[in-house]
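*Asks:* Dropping a structure here in structure tokens format, bear with me for questions.
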Amino acid sequence: MFAAMTVDTLSLPTVHNAYGLLTLQLAANRGIDRELLLEGIGISAALLHKPEGRITLRQWGRLIARTLKLTGQPGIGYEFGMRNNLTSHGIFGYGLLSRATVREAFEFGSRFHPLTTVACGMRHYADRGQAVLQLIECVPYGSVRQSVIEMSLVSWWHTLVQSFGGIQPQFEIWFEWPEPAYYAMYRDQLPPVRFGTGVNELRCPAALLDKPLTTSNPVTAPQILAQCERELSLLQPSGDCLTRVRAALLSKPGEYPGLDEVAERLCTSSRTLKRRLQQQGANFQQLLDEVRHREAVRLLENPTLSVEEIANRVGYSSSANFTRAFRKWVGNTPGAFRTEMRRQQRTQ
């Protein structure tokens, strides 16, 4: 299992719960009982089915190790990757879907891969006419190392193939270790694989980098990018407390979680969160008002939205309450602020 990490890092919920669900499904296909798999690991069925749920690295490592033992199938990493689809990656998967080209997908993946798990990272570079996406180990994987790396690289290959709309581009997977006996079972289902390379990489011709992806969406891409940036900030345990709270408040557009929910997402108690905010000269209500203020100003730039609609989107039950709060923020009503904003735009 994962080893040689700090207790805090191992205990933080950083692995997307869809990965846990997929592992359970693969085991169930071989007749392994779910309760037997999860016994003593601390993963509840409710957590696995929670839309934004995450499990810890320690739980993830134990689940993989137990799956390998009970199924007796060392090639489970290949199967995991081939069953993993774009939507299994959560917001990260939708981010890949929206990229315009393979180059953008590689760049996006390198930056936001921690949204799937902080156990490994990705970097991309060019090598003699090939574009390379290299897996970087952030955690000593221990006994499940080979399976985790197989899961990651095969998942990346399968995800990119889906982005091409079913076309099979010229990808290769490179693994550092010698060819294992179980590879023969999967040879015909995988792209060309090279073993004994000393690296763990996904490769394709550099000419493929500027090939458009059929799933790209220039309208939603910026919105998803902003969401990924917020989610990424939530996963940085050592990050600035104010930044992480703001990211949590913006994680669901139109919905603003309370103090208890934000504390839970940041893996701390409400009392501790209050204390940390006070140490930085802030409080929860102040940050909530700040987030609502910025969002209200942004929405007022859209002439198709009424003040009532904007009030609802920033979490106010009535336009009167929203107007009072907005006047407190900027010294004017939303309607007057919008009129002045349009006047300034016309004179520029």
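*Asks:* Say whether the condition of being of a type in the set (A, V, I, L, M, F, W, C), farther than 28 Å from A181 by Cβ and in a loop (DSSP other than H, G, I, E, B) is met by at least one residue in region 49-66.
*Replies:* no
*Asks:* Tell me the residue from T6, T71, T14, T23 that is farther than 23 Å from V262 by Cβ and modelled with pLDDT under 90, please.
*Replies:* T6
*Asks:* Just one of G95, G109, G81 is over 15 Å from the mean Cα position of the chain (by Cα) and either within 23 Å of P205 (Cα to Cα) or outside any loop (DSSP other than H, G, I, E, B) (or both); which is it?
*Replies:* G81
*Asks:* Going through G142, G121, G90 one at a time, which residue ends up being touching a strand residue (DSSP E or B) at 6+ places or on another chain (Cβ under 6 Å) and on the phi > 0 side of the Ramachandran plot?
*Replies:* Only one candidate qualifies: G90.
*Asks:* Right, something else. Among the residues of region 283-305, how many are surrounded by fewer than 17 Cβ atoms within 10 Å (Cβ to Cβ) and either touching a residue at least 40 places away in the same chain (Cβ under 8 Å) or closer than 17 Å to E255 by Cα (or both)?
*Replies:* 8
*Asks:* Another question, if that's okay. I'm told A119 meets every condition in (1) small (G, A, S); (2) within 22 Å of Y94 (Cα to Cα); (3) surrounded by fewer than 18 Cβ atoms within 10 Å (Cβ to Cβ) except one. Can you identify the failing condition by its number?
*Replies:* Of everything listed in (1) small (G, A, S); (2) within 22 Å of Y94 (Cα to Cα); (3) surrounded by fewer than 18 Cβ atoms within 10 Å (Cβ to Cβ), A119 misses just condition (3).
*Asks:* May I pose another question? Specify which of the listed residues (F106, F171, F175, F164) is in contact (Cβ under 8 Å) with a residue 60 or more places away in the chain and aromatic (F, W, Y).
*Replies:* Step by step, each of F106, F171, F175, F164 is checked, and only F106 is in contact (Cβ under 8 Å) with a residue 60 or more places away in the chain and aromatic (F, W, Y).
*Asks:* Output the residues belonging to region 306-336 that are assigned to a helix (DSSP H, G or I), of a type in the set (G, A, S) and touching a residue at least 40 places away in the same chain (Cβ under 8 Å).
*Replies:* Matches in region 306-336: none.
The values are calculated or read from the model by the stated rules, or taken from the named source; none is laboratory data. Keep in mind it's a predicted model, so treat the numbers as computed, not measured. Using ideal geometry, Cβ is built from the backbone for each residue, glycine included, and neighbour counts are taken over all protein chains shown.
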